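Here the structure comes first, spelled out in structure tokens, and everything after it is commentary.
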Amino acid sequence: MTAPLPALPAKIHPLVRAFLDTRDAVEETLIRFGSPVHLLFPQVYAENLKRFRAVLDTSGARYRICYAHKVNQSRAFVRTAEHAGIAIDVASAPELASAIGAGFGPMRIEVTGPKGEAFLRDLIDCGVTINVDNLWELRRITELAGDRARVPVLLRVSGFDDASVSRFGVPLAHMDRAFDLLSANRRRIAFLGFAFHIDSGEPAERIRAIDACLELVERAYGHGLGPSVLNIGGGFRQVFTADADRFDGYVRALRESLLGRGEPMSWSNNTFGYHVDNGAVHGIPVFHKYANTVPATRMLDDLLGAALERHGGRTVAQVAGDNMLDIWLEPGKALVDHAGVTVARVEFIKELADRTVLVNLDLSRDQVTPADQEVMVDPVILPSIAHMPSTAPGSDGAITGPPSNGADTMPTLRPVAGSGPVGAYFAGRLCLERDLITNHKVWLSECPRQGDLVVFPNTAAYHMDLSAASASMHPLPAKLAVVHRAGSFQVYRDTDYEPLIPVGLPPPRRTTPRGPRRPPQPRRSSPPRSSGAP
């Protein structure tokens with residue numbers, strides 16, 4: 001019996017899968033808007049938000065959800081958040097403008113991260129809530145606020161027990177200076193409460209941070225302050241893999257290959273953050289987030305239900321309620337989890353001197369991979385319609401039958417016989433050795449062909465924007481919002497998407513696609529094979 005090939009099966013939302021299975025809709029989209037593209041699914045975003053709200057409602061806590069805009073620049077997501085009635089967390093002047101442009105009023109905007117003098121002035125003028133990062137910011141706010149309306153502020157705290165040093169937040173050891181500033185400027189500052197952000201999957205770290213903030217609340221009372229908010233930040237994890245056992249098996253095989261055993265599995269001896277010493281592999285890899293199997297909602301549920309020893313075993317939600325504290329949180333990754341994919345087209349296949357196979361795409365690594373991370377789920381290969389069998393071949397072998405749909409304008413070719421399983425690396429379009437979209441080997445059931453589509457799953461959280469650059473003057477991939485309404489998929493430019501469009505509109509007029517410059521009218525396609533639409 002032959003052992004299965006190493007694989008990293010990706011978890012894919014049913015709505016996304018249904019769209020990918022509607023091949024004419026996918027092909028039409030790429031013909032209309034070009035390749036590559038980022039596809040966004042606002043309905044999946046709304047579903048994630050609904051699950052978060054359900055957990056919070058069950059806990060009995062009073063709460064406020066602030067969508068972390070930094071996770072994706074998409075206007076469709078921001079409009080979805082605004083329409084759903086939640087708040088938003090912004091971290092720059094352009095993000096602030098984006099939020100205001102999408103309809104958020106100042107009462108629903110919180111600003112996090114380090115801020116310069118000019119930005120602080122703008123924030124005070126706008127009247128938004130400022131999540132203060134450091135004592136300089138706090139002091140400048142007291143000086144700039146004047147005698148106008150009080151500026152609402154949260155104080156971000158860091159330096160918790162057993163936590164690694166963070167460059168963000170006011171250290172616990174400096175809190176007396178912060179209390180002095182706040183109590184001396186109560187006419188200028190409306191102090192709302194304390195905040196922290198821990199990007200860790202370790203629950204105990206968050207519980208220690210909450211306990212420390214509750215202690216600060218008690219100290220604040222002694223300074224004549226009345227905090228009413230406990231902001232627990234974001235960092236709620238995503239689940240990428242559809243098969244944790246196969247993921248673990250792939251990683252074991254990868255570690256063996258780093259020790260020189262088995263088939264090579266990494267490009268140019270890349271170790272992915274591991275270090276090899278004395279015949280063993282050590283450390284935490286850069287792709288560690290892909291090993292997570294705990295959904296964000298369960299993380300949140302466990303946190304709210306965690307017992308606090310210093311409060312007689314009462315839960316976090318109960319203690320917050322006892323102290324009249326609203327719980328604020330800033331999910332980003334968790335709200336866009338599985339709400340986006342990136343699609344590129346195969347340009348050509350190349351075999352190197354050592355027989356390594358490269359699948360070259362019209363995409364760059366930094367347009368689908370954040371910073372120095374590695375995309376550790378297998379892409380989905382959609383064979384080009386041009387390579388699909390036809391029932392009407394011509395005498396010369398070319399397919400001569402009519403196109404199956406309006407989008408079928410590609411040259412029709414003889415179907416290519418399957419090549420069998422192949423291990424390959426996906427390469428980008430830049431003339432840089434480092435432009436490898438995957439530095440780990442991906443096993444495919446057969447080698448892709450020119451024109452096939454390659455779909456990278458679950459790329460909405462940071463993957464699309466964080467490191468994206470237009471190197472060599474390649475334009476950034478277009479962002480498109482895909483929604484399922486009235487029994488069909490409709491595709492909009494990200495900037496044109498509106499969640500207020502009522503369901504059940506008459507289908508828009510069908511016209512032959514002519515390229516990316518067409519007006520942004522929604523298109524209808526054939527019904528999906530299945531639907532996970534909310």
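The values are calculated or read from the model by the stated rules, or taken from the named source; none is laboratory data. All values derive from a computational prediction rather than experimental measurement. Every residue, glycine among them, receives a Cβ derived from its backbone with ideal geometry; neighbour counts consider all protein chains shown. Just the protein is used for accessible areas: all its heavy atoms, side chains included, with ligands, DNA and RNA removed. Shrake-Rupley method; radii C 1.70, N 1.55, O 1.52, S 1.80 Å.
Quick look at the numbers
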{"quantity": "In nm, spacing of pseudo-spin labels at E498 and R314 (7 Å Cα→C-beta vector)", "calculated": "4.8"}
{"quantity": "Spin-label model distance (nm) - M107 vs D147, 7 Å beyond Cα toward Cβ", "calculated": "2.7"}
{"quantity": "Residues of segment 194-230 with amide N under 16 Å of the 7 Å Cα→Cβ point at R167", "calculated": "199"}
{"quantity": "Under Karplus coefficients 6.51, -1.76 and 1.60, residue-wise ³J(HN,Hα) of segment 356-366 in Hz, glycine/proline x", "calculated": "5, 9, 10, 9, 8, 10, 8, 9, 10, 4, 6"}
{"quantity": "Lysine pairs meeting the criterion (Cα under 16 Å, 8 or more apart or interchain), as found in the chain", "calculated": "8"}
{"quantity": "Residue-wise HN-Hα coupling along segment 333-340, computed from phi with Karplus coefficients 6.51, -1.76, 1.60 (Hz; x: Gly, Pro)", "calculated": "4, 5, 6, 9, 4, 6, 9, x"}
{"quantity": "Burial ranking of peptide ranges 348-357, 452-461 (average Cβ count within 10 Å, highest at the top)", "calculated": "452-461, 348-357"}
{"quantity": "With Cα atoms, 0 to 90° folded angle of helix 42-59 axis to the chain main axis", "calculated": "40"}
{"quantity": "Solvent-accessible area, 1.4 Å probe, carbon plus sulfur percent, for the chain", "calculated": "53"}
{"quantity": "Ordering of 127-138, 106-117, 475-486 by burial proxy (mean other Cβ atoms within 10 Å per residue, highest first)", "calculated": "127-138, 475-486, 106-117"}
{"quantity": "Accessible-area ranking of I284, I88, I100, largest first, probe 1.4 Å", "calculated": "I284, I100, I88"}
{"quantity": "Segment 38-123 - convex hull of the alpha-carbon atoms, volume per residue in Å³", "calculated": "102"}
{"quantity": "Centroid-to-centroid separation of segment 192-215 and segment 107-183 [C-alpha atoms, Å]", "calculated": "17"}
{"quantity": "Segment D322-H474, length gained on full extension (0.36 nm per residue, minus Cα span)", "calculated": "49.2 nm"}
{"quantity": "Two-site label geometry, V294 and K350: point separation in nm, points 7 Å out along Cα→Cβ", "calculated": "4.3"}
{"quantity": "For the chain: accessible area per residue (Å², 1.4 Å)", "calculated": "44"}
{"quantity": "Descending Cα extents along the principal axes, segment 119-187, whole Å", "calculated": "41, 23, 15"}
{"quantity": "Identified option (computed Rg and Dmax of the Cα atoms in Å; candidates (i) 22.4, 69; (ii) 24.2, 77; (iii) 25.7, 91)", "calculated": "(iii)"}
{"quantity": "Solvent exposure ordering (accessible area, 1.4 Å, most first) of L466, L230", "calculated": "L466, L230"}
{"quantity": "Interatomic Cα distance distribution for segment 88-130, bins of 10 angstrom, percent", "calculated": "32, 63, 5"}
